[in-house]
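J.: I'd like to ask some things about the structure below.
Read-outs: derived from the displayed coordinates by stated rules, not from any lab. Since the model is a prediction, treat every value here as computed from it, not as a measurement. We place every Cβ from the backbone using ideal geometry, glycine too, and count neighbours over all the protein chains shown.
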Ligand code: AMP
């Protein structure tokens, strides 16, 4: 398995979930044992020297990557979820998506100032979701060291947004 082979498993769907959007369906990456292992290993290798203490996964595909990555890196996993899904006290941030808007939350006691976090998701588009994730993570006192994705849709500006707003966050995309 290599980057080219793993990349080929991703299926592009035009005009989903609305006209003009090309949706990157990464579920075939997860369904292919070798491709799934390749992307998780690649993310872990990029941050092996970064003293990461926790993985934060963004709902929902970030949970699949994040659980595997946390096991690989021998650290815990913390979910950032859509509004109303977490049962205890939360920090909340609102954000705008490539299509639509939403809000996310994190449990207030899930991280502390001792933590250095690696965020994981499938696709970086406008950067709205990850900016909101960084906002709620920083409210816990934790620092964000990195953001790992499968694909970075560069033309949507998310990478430059993160670089300007959060220069300490190292972005890596393992299938570009
Ligand atoms: P954004 O907040 O614009 O960076 O959008 C990132 C979030 O929306 C991620 O959680 C992605 O799963 C999802 N997303 C946005 N655009 C796409 C796309 N074209 N294909 C697949 N997922 C996308």
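J.: Can you go through 145, 103 and tell me which one is within 16 Å of the ligand (Cβ to nearest atom) and surrounded by fewer than 22 Cβ atoms within 10 Å (Cβ to Cβ)?
T.: Values: 145 fails: within 16 Å of the ligand (Cβ to nearest atom).
None of the others qualify; the one that does is 103.
Okay, residues lined up against (1) closer than 23 Å to residue 45 by Cα; (2) within 10 Å of the ligand (Cβ to nearest atom); (3) over 12 Å from the mean Cα position of the chain (by Cα):
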position: 78; (1), (2), (3): yes, no, no
position: 93; (1), (2), (3): no, no, yes
position: 123; (1), (2), (3): yes, yes, no
position: 128; (1), (2), (3): no, yes, no
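J.: Continuing with the same structure: Here are 35, 44, 14: which of them is surrounded by 17 or more Cβ atoms within 10 Å (Cβ to Cβ) and more than 24 Å from residue 133 (Cβ to Cβ)?
T.: Exactly one of 35, 44, 14 is surrounded by 17 or more Cβ atoms within 10 Å (Cβ to Cβ) and more than 24 Å from residue 133 (Cβ to Cβ), namely 35.
J.: Looking at segment 16-51 only, could you name the residues that are free of Cβ contacts under 8 Å to residues at least 60 places away in the same chain, assigned to a helix (DSSP H, G or I) and under 23 Å from residue 155 (Cα atoms)?
T.: Answer for segment 16-51, where residues must be free of Cβ contacts under 8 Å to residues at least 60 places away in the same chain, assigned to a helix (DSSP H, G or I) and under 23 Å from residue 155 (Cα atoms): just 27.
J.: Now for a separate question. Restricting segment 106-121 to residues that are farther than 19 Å from residue 17 by Cβ and crowded, with 19+ Cβ neighbours inside 10 Å, which is farthest from the ligand (Cβ to nearest atom)?
T.: Checking each candidate, the answer is 115.
J.: With respect to residue 77, determine if the residue is buried (at least 18 other Cβ atoms within 10 Å of the Cβ), in contact with a helix residue (DSSP H, G or I) (Cβ under 6 Å, 6 or more places away or on another chain) and touching a residue at least 24 places away in the same chain (Cβ under 8 Å).
T.: No: the conditions fail for residue 77.
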